[in-house]
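J.: Dropping the structure in here first, questions after.
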Amino acid sequence: MNYRHAFHAGNFADVFKHTLLTRILVYLMRKEQPLRFMDTHGGIGRYDLAADEAARTGEWRDGIARIVMAQPPENVGALLKPWLDVVGPCDAEGCPESYPGSPALAQALLRPQDRIAVSELHEQDFHTLRRALGYDERLRLAQINGYAALNAWTPPKERRGLVLIDPPFESRDEFAQILSALAKAWRKWPTGCYAIWYPVKAPGAVDAFYDGLAALGIERCLRLELATERPDAAGPLAANGLCVINPPFVLKEEAEILLPWLCERFSRGPNGSWRAESLTAAR
Ligand SMILES: C[S@@+](CC[C@H](N)C(=O)[O-])C[C@H]1O[C@@H](n2cnc3c(N)ncnc32)[C@H](O)[C@@H]1O
């Protein structure tokens, strides 16, 4: 476990993931009934972008900073607003006081009747996460393997909610581990919404992952991707995606508004691209 998210917090991939995550939670909160947010790979919760780790890569400068410095058109601005409200004010360089990771984002967005469960395996990161989120009776934090947590936590008693699976992809078989965890969770909770983040390095591996989902009988999913450059370009990660199982019906339309704008902000050249594709089991 060498991966530390503090080096990458606020980069284009975080912006992509967190804006979409916000849109899903906003949709789920249209109903009064409680929901549960489960975050299998939580990270440390809040990130100091002025700290040494973030300063060393400077990835946030090509991520969150480019968003807060921009003037989005009204329809994009309306979709970004709930997320930007949580990010809070930024300094002249586009640096927020602290950048909210997925558990902090959910904690700020969700309501008193909702519940949040987060697992983070790394011992030090887990303690940092616990300090960052503070006492909140809606929260349950566990220092356990995220895939074991998913198995233990599904189905949630609310029977509605979202699972975020956001592993570091340090293992070569991460896609296989996700499929195996989803196979169990899906059997127990086929109506849940699941969002799985992934890097796009070799597009063939991503296609195989979607084929694996189809083989499990997972019927409705949305394939959302954003590339700042050709996926195999040298340098930091260039392309990423979010697979949303049982997506809110508005998510594709919202992604078709957000992603072209994010793509313009983040593209490193003429090869930037985005994708929002609904898939069904018949594929
Ligand atoms: C990409 S980061 C998570 C970022 C976070 N979801 C966010 O959006 O702010 C992945 C995290 O997973 C943790 N991790 C690695 N292996 C894990 C495992 N098997 N179970 C749970 N957490 C794990 C790492 O320590 C790291 O903090």
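J.: Here are some conditions: (1) over 17 Å from R36 (Cβ atoms); (2) open to solvent by less than 30 Å² (accessible area, probe 1.4 Å); (3) not acidic (D, E). S102 meets all but one. Which one does it not meet?
T.: Going through (1) over 17 Å from R36 (Cβ atoms); (2) open to solvent by less than 30 Å² (accessible area, probe 1.4 Å); (3) not acidic (D, E) one by one, S102 breaks only (1).
The rows are residues; the columns are (1) in a loop (DSSP other than H, G, I, E, B); (2) touching a residue at least 60 places away in the same chain (Cβ under 8 Å).
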{"residue": "V244", "(1), (2)": "no, yes"}
{"residue": "F249", "(1), (2)": "yes, no"}
{"residue": "E254", "(1), (2)": "no, yes"}
{"residue": "I257", "(1), (2)": "no, yes"}
{"residue": "W261", "(1), (2)": "no, yes"}
{"residue": "P270", "(1), (2)": "yes, no"}
{"residue": "A276", "(1), (2)": "no, no"}
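J.: For segment 1-49, which residues satisfy the criterion of being within 11 Å of the ligand (Cβ to nearest atom), more than 27 Å from A152 (Cα to Cα) and surrounded by fewer than 23 Cβ atoms within 10 Å (Cβ to Cβ)?
T.: A6, F7, H8
J.: Test of understanding: among A238, A181, A185, which residue is closer than 26 Å to G63 by Cα, at pLDDT 95 or above and either in contact with a Pro (Cβ under 6 Å, 6 or more places away or on another chain) or open to solvent by less than 20 Å² (accessible area, probe 1.4 Å) (or both)?
T.: A238
J.: Take R30 and decide whether it is free of Cβ contacts under 8 Å to residues at least 12 places away in the same chain and of a type in the set (K, R).
T.: When the stated conditions are applied, R30 passes them.
J.: Identify, from the list A176, A185, the residue that is away from the ligand (no atom under 14 Å from the Cβ), within 23 Å of L242 (Cα to Cα), more than 18 Å from the chain's Cα centre (by Cα) and aliphatic (A, V, I, L, M).
T.: Unique residue meeting the criteria: A185.
J.: Continuing with this model, one more query. Quick one: how many residues across segment 147-172 are within 12 Å of the ligand (Cβ to nearest atom) and part of a loop (DSSP other than H, G, I, E, B)?
T.: 6
J.: I need the full set of residues from segment 115-131 which are part of a helix (DSSP H, G or I) and either open to solvent by 70 Å² or more (accessible area, probe 1.4 Å) or free of Cβ contacts under 8 Å to residues at least 12 places away in the same chain (or both), in order please.
T.: Within segment 115-131, E123, Q124, H127, R130, R131 qualify.
J.: Please count how many residues of segment 132-146 are open to solvent by 30 Å² or more (accessible area, probe 1.4 Å), within 19 Å of the chain's Cα centre (by Cα) and within 11 Å of the ligand (Cβ to nearest atom).
T.: Going through segment 132-146 one residue at a time, the tally reaches 2.
J.: Under 7 Å between Cβ atoms, which residue pairs at least 6 apart in sequence (or on different chains) link something in segment 183-197 that is part of a helix (DSSP H, G or I) with a partner that is open to solvent by 30 Å² or more (accessible area, probe 1.4 Å)?
T.: The qualifying pairs are A183/L216; K184/N151; A185/N151; W186/L216; K188/P155.
J.: Considering only residues that are among the aliphatic types (A, V, I, L, M), in a loop (DSSP other than H, G, I, E, B) and more than 18 Å from S267 (Cα to Cα), which ones fall in segment 53-97?
T.: A92
J.: Here's another thing I want to ask about it. Residue pairs, Cβ under 7 Å, 6 or more apart or interchain, first in segment 89-107 and more than 29 Å from E137 (Cα to Cα), second within 14 Å of the ligand (Cβ to nearest atom) and modelled with pLDDT of 95 or more. List them.
T.: Correct list of pairs: G94/I64; C95/L49.
J.: Looking at segment 107-114, is at least one residue at pLDDT 95 or above, assigned to a strand (DSSP E or B) and either open to solvent by 10 Å² or more (accessible area, probe 1.4 Å) or more than 9 Å from the ligand (Cβ to nearest atom) (or both)?
T.: no
J.: Would you say F209 is open to solvent by less than 60 Å² (accessible area, probe 1.4 Å) and over 25 Å from G161 (Cα atoms)?
T.: no
J.: For segment 262-283, which residues satisfy the criterion of being farther than 27 Å from G192 by Cβ and under 18 Å from the mean Cα position of the chain (by Cα)?
T.: Within segment 262-283, C263, F266 qualify.
J.: Quick one: is G77 open to solvent by 20 Å² or more (accessible area, probe 1.4 Å), without any contact (Cβ under 8 Å) to a residue 40 or more places away in the chain, small (G, A, S) and under 27 Å from I165 (Cβ atoms)?
T.: Criteria not met by G77.
The values are calculated or read from the model by the stated rules, or taken from the named source; none is laboratory data. Predicted model, so just to flag it, every value in this text is computed and none were measured. So basically every Cβ, Gly included, is an ideal-geometry build from the backbone, and we count neighbours across all protein chains shown. Accessible surface areas use protein heavy atoms only, side chains included; no ligands, DNA or RNA. Shrake-Rupley method; radii C 1.70, N 1.55, O 1.52, S 1.80 Å.
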